Every structure is written in structure tokens, then in C-alpha cells.
1. With the checklist (1) in contact with a helix residue (DSSP H, G or I) (Cβ under 8 Å, 6 or more places away or on another chain); (2) surrounded by 21 or more Cβ atoms within 10 Å (Cβ to Cβ); (3) on the phi < 0 side of the Ramachandran plot in hand, flag the one item ALA34 doesn't pass.
2. Here is a check on your reading of the model: is GLU88 over 22 Å from GLY32 (Cβ atoms), within 13 Å of the chain's Cα centre (by Cα), not in a loop (DSSP other than H, G, I, E, B) and not hydroxyl-bearing (Ser, Thr, Tyr)?
3. Every residue in segment 10-64 that is free of Cβ contacts under 8 Å to residues at least 12 places away in the same chain and not in a loop (DSSP other than H, G, I, E, B), please.
4. From the list MET14, MET58, which residue is in contact with a strand residue (DSSP E or B) (Cβ under 8 Å, 6 or more places away or on another chain), of a type in the set (A, V, I, L, M, F, W, C) and farther than 19 Å from LYS95 by Cβ?
5. Search segment 102-128 for residues that are polar (S, T, N, Q) and pair each with any residue that is modelled with pLDDT under 95 when their beta-carbon atoms are under 9 Å apart and the residues are at least 6 apart or on different chains.
6. Checking the conditions here, which among LYS131, LYS95 is basic (Lys, Arg), within 24 Å of ASN4 (Cα to Cα) and in contact with an Asp or Glu (Cβ under 6 Å, 6 or more places away or on another chain)?
7. Which condition from (1) within 16 Å of CYS124 (Cα to Cα); (2) surrounded by fewer than 15 Cβ atoms within 10 Å (Cβ to Cβ) is the one that GLY56 breaks?
8. Against the condition modelled with pLDDT of 95 or more, farther than 20 Å from ALA13 by Cβ, not in a loop (DSSP other than H, G, I, E, B) and not small (Gly, Ala, Ser), how does ILE104 come out, does it pass?
Amino acid sequence: MSFNEETISQVLAMKTWAVVGLGNNPERAAYGVAKLLQDKGHKIVPVYPRAEEVHGEMGYKTLSEIPFPIDVVDCFVNSKLVGKVVDEAIAIGAKAVWLQLDVIDQEAVDRAEAAGLLAIMDRCPAIEYRKR
């Protein structure tokens, strides 16, 4: 993997996070991680097929529907589906993609990095924040 602690710090410093896979289910990891990101001062943008409002933020069905720039696309999706999300992140001009724990697609990460995005794979921002 090509990222390091410095890359993680750079991405954690970015403000606006689209959280793909974030719905209103408190049992899901995305729900708690999004709340932590919000508590740390990030703007979170839920991206989920039902486009639900979560943690007081308006939701969108897809990344391309979001009408403002996104810094980080945080991917809470199955490894088999994440390549499409990473390609969308590249298409909307995101600065970084974050593939959550157990979300692994090296080819997608390679595409993101080739397009100039920072990329983190198989890590969780909540865990990374706790280490700091």
C-alpha cells in the first residue's frame, strides 16, 4: 500500500467528506464514523440509494448529484462495488478516497492515485483519529 501516516494526516485535515453507504441505521459502522467525523469538525454528506438525511445533513443518491465540491469520498461499500465509487470520486474531482476496513481494491486505489487523488485503503478514520 502506498499511503503512510502523512497521507492519513493530510486526508483527515480535509473538510468535506461524502460518506458512501451512510444511511440512518445506527447499527452500521458508517453511522458512528460519520458522527465522529462531524464531531471533529468535518462536513459530512450522506450518499445512499434512499438519499436519507443523516445527522442533520441532506443525503444524495449518488456522488454526481452533490452540488458542491467534495474533498474526501469515504467508502463504506463492499469491495466488489468500490471500484465504481472510486471512479465516480475521480469523475467529480474529489481530492481523496478512503476505503474503509476490509474494503480492498488495489486497482481502484491505483486508478485514484493515477488521477491525482490521495488514497487510503483498509483503514478507518475513527481509529486513525484515536491514534492522534
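The values are calculated or read from the model by the stated rules, or taken from the named source; none is laboratory data. Small disclaimer: the values here were computed from a predicted structure and weren't measured. Cβ sites come from the backbone with ideal geometry, for glycine too, and all protein chains shown count toward neighbours.
1. The number of the failed condition is (1).
2. yes
3. ASP39 - this is the single residue of segment 10-64 that is free of Cβ contacts under 8 Å to residues at least 12 places away in the same chain and not in a loop (DSSP other than H, G, I, E, B).
4. MET58
5. From segment 102-128, the pairs are GLN106/MET1.
6. LYS95 is the lone residue from the list that is basic (Lys, Arg), within 24 Å of ASN4 (Cα to Cα) and in contact with an Asp or Glu (Cβ under 6 Å, 6 or more places away or on another chain).
7. (1)
8. Judged against the criteria, ILE104 is not a match.
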